[in-house]
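The values are calculated or read from the model by the stated rules, or taken from the named source; none is laboratory data. Predicted model, so just to flag it, every value in this text is computed and none were measured. Reconstructed Cβ throughout: ideal geometry from the backbone, glycine too, with neighbour counts over all protein chains shown. Please note that ligands, DNA and RNA were not included when accessible areas were found on the heavy atoms of the full protein model with its side chains. Shrake-Rupley method; radii C 1.70, N 1.55, O 1.52, S 1.80 Å.
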Amino acid sequence: LAKTTQPISMDSYEGQEVNITCSHNNIATNDYITWYQQFPSQGPRFIIQGYKTKVTNEVASLFIPADRKSSTLSLPRVSLSDTAVYYCLVGDDNDMRFGAGTRLTVKP
Amino acid sequence: DAGVTQSPTHLIKTRGQHVTLRCSPISGHKSVSWYQQVLGQGPQFIFQYYEKEERGRGNFPDRFSARQFPNYSSELNVNALLLGDSALYLCASSSGLAGGAPQETQYFGPGTRLLVL
């Protein structure tokens, strides 16, 4: 099972780009990498998903190197409302594991 | 379109009791997963159901059970409650177009907060 490792916390300021890296050394061939955002007392919300190289949507980009042993979520120009916990999830057939997540705090 | 709904929103039980939590997936979604989230930790996978069959089970004791109904709604049952079962229980649904595979985007409900005294 692919275990994920992320920084426990990060601080940033409004308008900056934030990059959160997740390590998943034992990722399996069929695993996708998915990132979720969670606000207090709410369920996680899907941000972005990828398998390899780079994926971009309207809110974030996901960079995955060729060996797929890590991935980086990039949030452009963060705002105060981006303060949340961000989870990297690597899917396995019968066990979808969330790590401890990264608590991002955006300051004015 | 309504998102994933869960009931009740909050629940207080005492040790030894049992509890039933309910989840209605997004209309058209055939896969439902349950997670337990203890305060300060990430969600821990409990079960996944797809087309009314159990597709995956996390590392939880047999006190935890679940089922999925013909309308794809689901129940999570926990027997003989322990203090450590106090947590936010999250339900997530996915389309099932990929057979409930992990790469399907999961849509989470707001959760049921269970407190065991």
Legend entry - Heavy atoms of A:C88 accessible to a 1.4 Å probe, total area in Å² rounded to 10: 0 Å²
Inset, instruction - Assign one of three labels to the protein assembly as shown, namely rounded, prolate or oblate, based on the Cα gyration tensor with a ≥ b ≥ c the square roots of its eigenvalues; rounded applies when a/c is under 1.5, prolate when it is not and a/b is larger than b/c, and oblate otherwise. - result: prolate
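Rounded if a/c is under 1.5, else prolate if a/b beats b/c, else oblate: with a ≥ b ≥ c from the C-alpha gyration tensor eigenvalues square-rooted, which is the range A:34-108? Walk me through the numbers on the way to the answer.
Working: a/c = 2.15, a/b = 1.29, b/c = 1.67.
Oblate is the answer for the range A:34-108, as a/c is 1.5 or above yet b/c matches or exceeds a/b.
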Inset, instruction - Compare B:I26, B:I46, B:I12 in a GNM of chain B, Cα atoms joined below 10 Å, and give the one with the largest fluctuation. - result: B:I12
Inset, instruction - Indicate the gyration tensor shape class of the range A:7-46 (rounded, prolate or oblate), computed on the Cα atoms with a ≥ b ≥ c the square roots of the eigenvalues: a/c under 1.5 is rounded; otherwise a/b larger than b/c is prolate and the rest oblate. - result: oblate
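For the range A:5-108, run through the trypsin sites (Lys or Arg not before Pro) and keep only the ones in DSSP coil with at most 10 other Cβ atoms within 10 Å of their Cβ. All intermediate terms of the calculation are to be shown ahead of the outcome.
Numbers: sites: A:R45, A:K52, A:K54, A:R68, A:K69, A:R77, A:R97, A:R103; in loops: A:K52, A:R68, A:K69, A:R77.
Answer by residue number: A:R77.
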Inset, instruction - Could you order B:E54, B:E75, A:E17 so the one with the most accessible surface comes first? Probe is 1.4 Å. - result: A:E17, B:E54, B:E75
